[in-house]
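Here is the structure we will look at.
Since every read-out is calculated from the coordinates, none of them should be taken as a lab result. Fair warning: this is a prediction, and the values are worked out from it, not measured in the lab. Using ideal geometry, Cβ is built from the backbone for each residue, glycine included, and neighbour counts are taken over all protein chains shown.
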Amino acid sequence: MIKHFIFALCCLISIASCKTHKNSQLSEHPGSSTKFPLKNTNKKAKNIILMIGDGMGITQISAGMYSNGNSLNLERFLNMGLHKSYSSDNLITDSAAGATAFACGIKTYNGAIGVDPDTNAVYTILEEAEDKGLKSGLIATSTIDHATPASFIAHNKARKNYEEIALDFLKTDCEIFIGGGQKSFERREMDDRNLTNELREKGYKVVSFVDQEIDEIDMEGVEKLMYYTADGSPLPVSQGRDYLQPAANLAINHLEKSNENGFFLMIEGSQIDWGGHANDANWIITEMIEFDRTIGAVLDFAEKDQNTLVIVTADHETGGFAIQKDSKMDSLVTAFTSDYHTGDLIPVFAYGPGSEKFRGIYENTSIYNKMREAFGWVDKK
């Protein structure tokens, strides 16, 4: 009799637990203004915004949070996972191989830009989006021809072939480019071409940071934009750079209004990585906070739109960054184990249609596959 009673009690607890779990799937997160079901609704994403915090591991996120009043917009995400970042030739990936995994769904060697281990060009998700009638954009706080943005639009055997990579920007219909690197387009050593003039001939409005601030740009009647934020590499946030959030707002507003088919947008917070390479905690933290503010603006759009999948992740961790004893919430004691990348598992955050696909632990190449699934692209490339 006692055994039967215990068995029945366990069954009741199990049923109650299931009901609680089912109800919790529709609960509202405190940081969110909109309810969004966590269960699989089979709803396709009209838009995808992929946000890459270069070099952003768990400690970079933690340090940004503790230094920002113990709060980040990242806390608004309810679907989270981890990805394995290694490349085809090294346990420790670089940004080129890492971004190519996201863009193309393949593991390739460190330094490869949109090519496989045999240096064959591989179709990117941005190229596929354009071919399917969607709009697209790339934003970075590095040069626009740097490893991460380049891997979505270019195909080159070596990431440092910047002038060759810049040529590939003329082979696409991508609507928005925002980043540094103007010199690779205008003062070229490999040829006498002025790619800025050629972009204008292709219908781009080309604006330099010298001419106009990004929030002053009039997009009325503009179909495509190339905005140079620096001649070479943009400044760090700590030295006055502040364009990432307004750039994201401009791109989203333009892409959302200009095409009913949807869009794909990649936004990179590039210099979290640079702070790690320099073993500079303040550089990491200030870049992390700016990136998170941009995440907040993107989530605000996605919550209102309800048709946009937002993914936030990193290509790798940089610096072996650690928060040490004697740290206080607003005064961190930090240390580094390296001035290069590490092999840590990397966090993935997702919100919107298809976000449940990003739970668990998986290869970095799976992010590409999960994005295609979210778009409902079941046909072969």
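The table that follows gives values for the structure above.
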{"quantity": "For residue 264, net neighbour charge (Lys/Arg +1, Asp/Glu -1) across residues whose Cβ lies under 11 Å away", "calculated": "0"}
{"quantity": "Karplus (6.51, -1.76, 1.60) ³J(HN,Hα), θ = phi - 60°, over the stretch 182-198, in Hz, Gly and Pro reported as x", "calculated": "4, 5, 5, 9, 10, 10, 9, 8, 7, 7, 9, 6, 10, 6, 4, 4, 5"}
{"quantity": "Too-long pairs where the Cα-Cα distance tops 24 Å, listed order kept, from 202/370; 135/171; 157/205", "calculated": "202/370; 157/205"}
{"quantity": "Computed over the stretch 119-277: relative contact order in percent, which uses C-alpha pairs under 8 Å that are six or more apart", "calculated": "32 percent"}
{"quantity": "The stretch 236-272-the stretch 325-348 distance, computed between alpha-carbon centres (Å)", "calculated": "27 Å"}
{"quantity": "Spin-label pair residue 369/residue 173, simplified geometry with 7 Å Cα→Cβ offset, distance in nm", "calculated": "3.0 nm"}
{"quantity": "Percent of Cα-Cα distances greater than 34 Å, calculated over the chain", "calculated": "27 percent"}
{"quantity": "Fewest-first ranking of 65, 266, 56, using other Cβ atoms within 10 Å as the exposure measure", "calculated": "65, 266, 56"}
{"quantity": "Potential lengthening between residue 91 and residue 198 on full extension [0.36 nm per residue; Cα-Cα distance subtracted]", "calculated": "34.5 nm"}
{"quantity": "The chain: relative contact order as a whole-number percent, Cα under 8 Å and 6+ apart", "calculated": "29 percent"}
{"quantity": "From phi via Karplus (6.51, -1.76, 1.60), per-residue ³J(HN,Hα) for the stretch 81-93 in Hz, x at Gly/Pro", "calculated": "x, 9, 10, 8, 8, 4, 9, 6, 10, 7, 4, 9, 7"}
{"quantity": "Förster radius 25 Å - calculated FRET efficiency between residue 326 and residue 75 (Cβ-Cβ, nearest 0.05)", "calculated": "0.45"}
{"quantity": "Structure-based [θ]222 nm, the chain - -39500 (n - 2.57) summed over DSSP H runs of at least 4, per residue, nearest 500", "calculated": "-10000 deg cm²/dmol"}
{"quantity": "In nm, spacing of pseudo-spin labels at residue 219 and residue 187 (7 Å Cα→C-beta vector)", "calculated": "3.1 nm"}
{"quantity": "Contact order normalised by residue count of the stretch 171-259, Cα under 8 Å, 6+ apart, percent", "calculated": "37 percent"}
{"quantity": "For the stretch 123-128, 3J(HN,Hα) per residue [Karplus equation, 6.51 cos²θ - 1.76 cosθ + 1.60, θ = phi - 60°, Hz, x = Gly/Pro]", "calculated": "4, 9, 5, 5, 5, 5"}
{"quantity": "Inter-site label distance for residue 58 and residue 258 at 7 Å from Cα along Cβ, in nm", "calculated": "4.1 nm"}
